[in-house]
Amino acid sequence: MAEWWRGGVIYQIYPRSFQDSNGDGIGDLRGIISRLEHVASLGVDAIWLSPIFPSPMADMGYDVANYTDVDPLFGVLADFDALIEKAHALGLKVIIDQVLSHTSDQHPWFQESKTSRTNPRADWYVWADPNDDGTPPNNWPSVFGGPAWEWNGARRQYYLHNFLISQPDLNFHNPDVQDAVLDAMRFWLDRGVDGFRFDTVNYYFHDEELRSNPPAPREKETPLEADPYGMQLHLHSKNRPENIDFLRRVRALLDEYPGTTTVGEVGEAHRAIDIMAAYTTGDDLLHMCYSFDMLGPQFAARHFRSRVEKFFAGAPDGWPCWSFSNHDVVRHISRWEAHEVTPETLGRLTIALLLALKGSVCLYQGEELGLPEAELEYSELTDPPGLRFWPDIKGRDGCRTPMPWTDAPNGGFSETKPWLPVKQPHLQRNVAALEADPDALVHYYRRILSYRKTNRALVDGDAHFFDVPEPILAFARTGADGDLVCIFNLSAKPCRLTLAGLPRSSVLAGVSNGAERKGGTLALAGNGFAYLECGAGLDPKAISVKPAKG
């Protein structure tokens with residue numbers, strides 16, 4: 001069976017914020033079903049659903065209380081089955097989140113585990129005795145602030161929680177835990193899902209000796225971070241080598257269901273690309289991984305180039321999944337606004353760049369509309385990090401606000417007040433209004449996604465970068481059916497380039513934007529870019545791209 005995921009484009013849906021069908025102000029599965037034609041019309045290959053499982057919603061569903069059901073907020077299992085059927089009818093694969101590193105403290109497994117040291121699930125979570133002075137066993141911090149250990153009086157022990165206190169970590173050193181989560185995955189595979197996105201995939205195992213983490217390297221002059229989590233190298237609380245063997249078990253399960261796939265989220269600041277490579281190399285681990293390397297503030301040619309080259313240097317047969325926005329970070333239209341001519345030009349540049357990188361692609365709902373980050377008041381927040389670290393860290397609510405479908409109150413998302421507000425800048429970029437504008441960004445998304453599908457070199461061809469000074473990023477994509485040279489101006493200022501070594505038959509593709517070619521000279525507007533079609537048999541070593549003189 002063809003590997004549809006290799007070079008595939010996945011559209012992430014945040015269910016709480018896509019479409020409310022029952023008037024409670026929260027998006028749901030029936031709402032998603034009613035809007036799937038919009039997603040399919042873009043030309044993507046799959047959808048990824050953020051968690052829909054029963055949950056107290058302390059972390060908006062990433063605190064799972066039951067791995068094999070649907071939370072009533074989102075509907076029932078029959079609604080999920082209907083979504084699968086509708087998506088497949090539209091040619092869309094369906095990937096769902098799996099939050100395996102931890103559960104909610106309301107999960108029956110933890111409710112039993114916390115009662116004693118001798119119950120059948122006593123060792124299903126990470127428990128540890130206190131130090132002699134009653135303090136936690138080591139220095140591990142929680143991602144959401146404070147220590148990663150919480151005291152339990154019944155057991156006279158601490159339990160590990162890498163995130164909220166109400167999100168205890170499972171003990172993957174226990175084979176029974178591995179079996180249980182694999183059984184939960186099989187439940188969804190049997191219902192027809194096409195794969196999984198694994199939340200915090202590098203957090204599954206902890207150091208059994210519970211050794212403290214060392215400090216992260218830091219220049220003395222560097223100010224302390226608002227969140228101290230980044231002040232450690234997390235060598236022992238996550239990123240453990242034991243993870244590899246469990247991922248082999250995951251892949252063996254997926255191999256029983258031909259055509260399914262996996263994409264793992266690597267949450268790590270210091271060596272994420274290395275971990276991505278380690279988790280995807282060969283054919284018995286994850287199919288794909290992504291990290292936060294392209295989800296941060298860096299917007300420079302050397303940065304994008306270094307991420308791609310480093311990955312494939314570490315895993316020539318591995319496969320990455322790149323994205324610029326998701327439910328955990330500031331939307332890239334706002335994050336990179338210092339480099340834009342207009343949001344529209346930046347929107348075209350970034351999707352053209354993302355689709356040209358070697359790897360698969362994740363798009364986040366509303367990205368096709370050019371949505372900026374929503375500016376919220378403290379009183380409007382729901383996200384734990386925002387509530388705890390405000391105003392230095394504003395949390396993730398600004399990228400999670402509802403999709404604006406029309407200019408109606410609440411953007412056509414709901415007939416009642418939604419769980420997060422729909423702000424005016426989003427209402428102005430609603431789907432209906434942009435659909436009526438032939439020059440709107442959403443139509444460009446369709447054009448370039450269609451173009452990518454008909455140019456296999458962009459899907460799974462090799463990548464060869466050219467040495468060009470900032471702010472220009474240039475590389476070739478070569479494949480059996482034809483080759484391209486892709487050149488991007490990552491600044492708001494126009495530039496001129498001299499091209500040498502291109503075939504005479506090379507032409508400027510119609511999806512290029514802000515680009516004009518005359519002979520061996522290419523002029524790029526601010527945020528301009530060019531796809532140059534070069535036929536087959538291109539020799540990247542014979543090509544040079546340089547700033548034009550004068």
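Coordinate-derived values only; no laboratory data. It should be emphasised that the depicted structure is a prediction, and the values quoted were computed from it without experimental measurement. No Cβ is skipped: glycine too gets one built from the backbone with ideal geometry, and neighbour counts run over all protein chains shown.
The dipole here belongs to segment 462-547: it is taken about the Cα centre, uses +1 on the Cβ of Lys and Arg and -1 on the Cβ of Asp and Glu, and is about 360 debye. Return one number: the angle in degrees, 0 to 90 and rounded to the nearest 10, between the long axis of the Cα atoms of helix 301-314 and the longest principal axis of the Cα atoms of the chain. Helix 301-314 and the main axis of the chain meet at about 60 degrees. First check a/c for segment 49-94, with a ≥ b ≥ c the square roots of the eigenvalues of its C-alpha gyration tensor; if it is under 1.5, answer rounded, and if not, answer prolate when a/b is larger than b/c or oblate otherwise. Cα axes put segment 49-94 in the prolate bin. Between ASP169 and VAL126, LEU160, HIS161, ASN162, the built amide H atoms are under 5 Å apart, and every one of these is 5 or more places off in sequence or on another chain.
Which angle between 0 and 90 degrees, to the nearest 10, do you get for helix 343-356 versus the longest principal axis of the chain when only C-alpha atoms count? Around 80 degrees separate the two axes.
The order of GLU375, GLU367, GLU380, going from fewest to most other C-beta atoms within 10 Å of their C-beta, is GLU375, GLU380, GLU367. Remark: relative contact order (the chain) = 12 percent; criterion is Cα-Cα distance under 8 angstrom and separation of 6 or more residues. With 0.36 nm allotted per residue and the present C-alpha distance subtracted, the GLN424-HIS443 stretch has 4.7 nm of extension available. The trypsin sites (Lys or Arg not before Pro) of segment 450-550 that meet both conditions, a loop assignment by DSSP and at most 16 other Cβ atoms within 10 Å of the site Cβ, are ARG504, LYS549. A full extension of the chain between ALA432 and TYR257 corresponds to an added length of 59.1 nm, given 0.36 nm per residue minus the alpha carbon distance. In the list (1) 79, 61, 42; (2) 77, 58, 38; (3) 78, 51, 50, the label attached to Cα extents along the principal axes in Å as derived from the coordinates here is (3). Taking square-rooted eigenvalues a ≥ b ≥ c of the alpha carbon gyration tensor, is segment 462-547 rounded, prolate or oblate, where a/c under 1.5 means rounded and, failing that, a/b exceeding b/c means prolate? Because a/c hits 1.5 or more and a/b exceeds b/c, segment 462-547 counts as prolate. Rounded to the nearest 10 degrees, the angle from helix 243-255 to the longest Cα principal axis of the chain is 70 degrees.
List the residues of segment 278-293 whose backbone N lies under 19 Å from a point placed 7 Å from the Cα of ILE393 along the Cα-to-Cβ direction. Under cut-off, by backbone N: 291-293. Under the combined filter of DSSP loop state and at most 15 neighbouring Cβ atoms within 10 Å, segment 100-129 retains these trypsin sites (Lys or Arg not before Pro): ARG117.
Entry note, segment 462-547: relative contact order of 36 percent, from Cα contacts under 8 Å with a spacing of 6+ residues.
Label separation (GLU209 vs ASP133): 2.3 nm, computed from points 7 Å beyond Cα along the C-beta direction. Summary value for segment 281-388: 28 percent relative contact order, contacts being C-alpha pairs under 8 angstrom separated by 6+ residues.
Our estimate of slack between ALA2 and THR68, defined as 0.36 nm per intervening residue step minus the Cα-Cα distance, is 20.8 nm. Could you give the distance between the Cα centres of segment 227-296 and segment 490-512, to the whole Å? The two parts, judged by their Cα centres, are 37 Å apart.
Once you have a ≥ b ≥ c as the square roots of the Cα gyration tensor eigenvalues for segment 111-218, tell me rounded if a/c is under 1.5, and otherwise prolate or oblate according to whether a/b is larger than b/c. Judged from the Cα gyration tensor, segment 111-218 comes out oblate (a/c at least 1.5, b/c at or above a/b).
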